[in-house]
Amino acid sequence: MTFNARVEFPEPLPRRPYDVLITYIAYWANGFFGINDGSVTTFDLAQVTPDERGAFHFALPNFSKDAVTESYHRNALVRFAAVERDTGNLVCLLTPTNGLGKVPVHDLPIKSRYPAEVIFKPVSESPQNKIGGPKPEGTR
């Protein structure tokens, strides 16, 4: 199916051009392969360049009709991330604002159809906004 979307940033991105990386996250794969404890299997579906309005489209497989995905109760999601075009470094994760993303998971659930245009905004807790490690004493 053709998936139409647009990225809306509250402020302009850094000066570097970005692409949108679309990744299928197969939470069902560990059960399928009999793995009790392991990494989640992911597949990059596409990397697309949004136009000047942030609009993009790509061919999204209809995973709701996939026998394996269905047999595992659609235990999969599609993740969208803005990445720097020249380095591939993560700019931020993107979450759909059309009522499709769920907190705490901001990814797109598997559905048989989506709105005519899905609007994405940056996830407020993107990795570049977090400071790793323990907080210094006396801070909240």
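The values are calculated or read from the model by the stated rules, or taken from the named source; none is laboratory data. Computed from a prediction, not measured in an experiment: that's the story for all the values here. We place every Cβ from the backbone using ideal geometry, glycine too, and count neighbours over all the protein chains shown.
Of all residues in segment 18-58, those that are over 13 Å from the mean Cα position of the chain (by Cα) and farther than 17 Å from PHE120 by Cα total 15. Checking ALA55, ALA76 one by one, the residue that is modelled with pLDDT of 95 or more, among the hydrophobic types (A, V, I, L, M, F, W, C), surrounded by 11 or more Cβ atoms within 10 Å (Cβ to Cβ) and under 20 Å from PRO115 (Cβ atoms) is ALA55 and no other.
For segment 20-61, the set of residues classified as outside any strand (DSSP E or B) and either among the hydroxyl-bearing types (Ser, Thr, Tyr) or closer than 16 Å to LEU93 by Cβ (or both) consists of TYR27, SER39, VAL40, THR49, PRO50, GLY54, listed by residue number. Within segment 19-46, if we keep just the residues that are surrounded by 16 or more Cβ atoms within 10 Å (Cβ to Cβ) and polar (S, T, N, Q), the residue that is nearest to THR2 (Cα to Cα) turns out to be THR23.
Within segment 1-17, restricting attention to residues that are charged (D, E, K, R) and at pLDDT below 80, which residue is farthest from the chain's Cα centre (by Cα)? Top of the filtered list is ARG15.
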